[in-house]
Amino acid sequence: LNRTHSGGCNSSDLGDMSFMMFDYIRDALKAMDMMRSHHMLTDVILEVGTELFHAHRLVLAAASPYFKAMFTGGLRECEMNRVRLQGVSATAMARLIHFMYTGRIRVTENTVCQLLPAATMFQVTNVIQACCNFLERQLDPSNAIGIANFAEQHGCNELCRKANQYIESHFSQICQEEEFLQLSSLQLITLIKKDELNVQEEKEVYNAVLKCVKYDEDNRYIKMEHILSAV
């Protein structure tokens, strides 16, 4: 901003302007990722299986409450230059670190089953949400029960709710799928007791239950009366 006054320039007349430089943020992350790949200024090595990942504690701690607690909470890892991680695959760890330095994550059918548990473990909420969005779009009669169970296991309550709504709305198709036949007796009873099941008539639920019992007759026949009473 350029202003000219005959009586001189008074700084109070200029006001102020704030600028948000998104290119700066992008370029700074790009520079940090470049330094990571060349092991420049890295101060920790994450050991996952046989793979080693050089990284900067500050970046890890900023992206993950798990790492923040590890590196700032007085744990023994605070003083360690090399940290072994359990319960995560090298593939998932590589993708998470890539996200922490770039803000980009690619989710596929082949990686989501490893990526969501890893993101949950390290509390990387953006990646958790990306995985949940991906799985929600994949909902289908053949996989809805599996996705609902997977979401429940990892505390993804909203995805679990949407998957269960899908199951209720598409019960007629879902009861024809392998996942339905593999439900435990308790899961089967919980499902068929729901008032929200979208069926034309109660006989449809009854026939689905009979089919499910016959699939595992040795274990379910003795519970048949209890199961049918839920219809």
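The values are calculated or read from the model by the stated rules, or taken from the named source; none is laboratory data. All figures in this text were calculated on a predicted structure; none of them were measured in a lab. When we count neighbours, we look across all protein chains shown, and the Cβ atoms used for this are built from the backbone with ideal geometry, even at glycine. Please note that ligands, DNA and RNA were not included when accessible areas were found on the heavy atoms of the full protein model with its side chains. Shrake-Rupley method; radii C 1.70, N 1.55, O 1.52, S 1.80 Å.
For the reader, a short list of remarks on this structure follows.
- Tally, over region 128-159, of residues that are outside any loop (DSSP other than H, G, I, E, B) and open to solvent by 20 Å² or more (accessible area, probe 1.4 Å): 14
- Inter-residue pairs, beta-carbon under 7 Å, first under 15 Å from residue 107 (Cα atoms) and in region 132-150, second in a helix (DSSP H, G or I) and of a type in the set (Lys, Arg), 6+ apart: 136/162
- Hits in region 125-151 - residues which are closer than 18 Å to residue 92 by Cβ, of a type in the set (Val, Ile, Thr) and in contact with a helix residue (DSSP H, G or I) (Cβ under 6 Å, 6 or more places away or on another chain): 127, 128
- Conditions (1) under 16 Å from residue 62 (Cβ atoms); (2) surrounded by 15 or more Cβ atoms within 10 Å (Cβ to Cβ); (3) not charged (D, E, K, R): number failed by residue 112: (1)
- Within region 44-81, the residues that satisfy the criterion of being more than 18 Å from residue 96 (Cα to Cα) and either open to solvent by less than 40 Å² (accessible area, probe 1.4 Å) or charged (D, E, K, R) (or both) are 76, 77, 78, 79.
- Residues located in region 86-97, provided they are more than 14 Å from residue 123 (Cβ to Cβ), outside any helix (DSSP H, G or I) and either touching a helix residue (DSSP H, G or I) at 6+ places or on another chain (Cβ under 7 Å) or open to solvent by less than 50 Å² (accessible area, probe 1.4 Å) (or both): 89
- Residues satisfying the stated conditions in region 115-127, i.e. assigned to a helix (DSSP H, G or I) and surrounded by 17 or more Cβ atoms within 10 Å (Cβ to Cβ): 115, 116, 117, 118, 119, 120, 121, 122, 127
- Residue check, residue 192 β-branched (Val, Ile, Thr), open to solvent by less than 70 Å² (accessible area, probe 1.4 Å) and at pLDDT 85 or above: yes
- Pairs where the first residue, in region 156-174, is farther than 26 Å from residue 126 by Cα and hydroxyl-bearing (Ser, Thr, Tyr) and the second is in a helix (DSSP H, G or I) and open to solvent by 30 Å² or more (accessible area, probe 1.4 Å), C-beta under 9 Å, 6+ apart: 172/204
- Residue list for region 25-43, restricted to those being polar (S, T, N, Q) and open to solvent by 40 Å² or more (accessible area, probe 1.4 Å): 37
- The residue pairs whose first member lies in region 44-59 and is without any contact (Cβ under 8 Å) to a residue 40 or more places away in the chain, whose second member is of a type outside the set (A, V, I, L, M, F, W, C) and open to solvent by less than 30 Å² (accessible area, probe 1.4 Å), and whose beta carbons are closer than 8 Å, counting only pairs six or more residues apart or on different chains, are 44/56.
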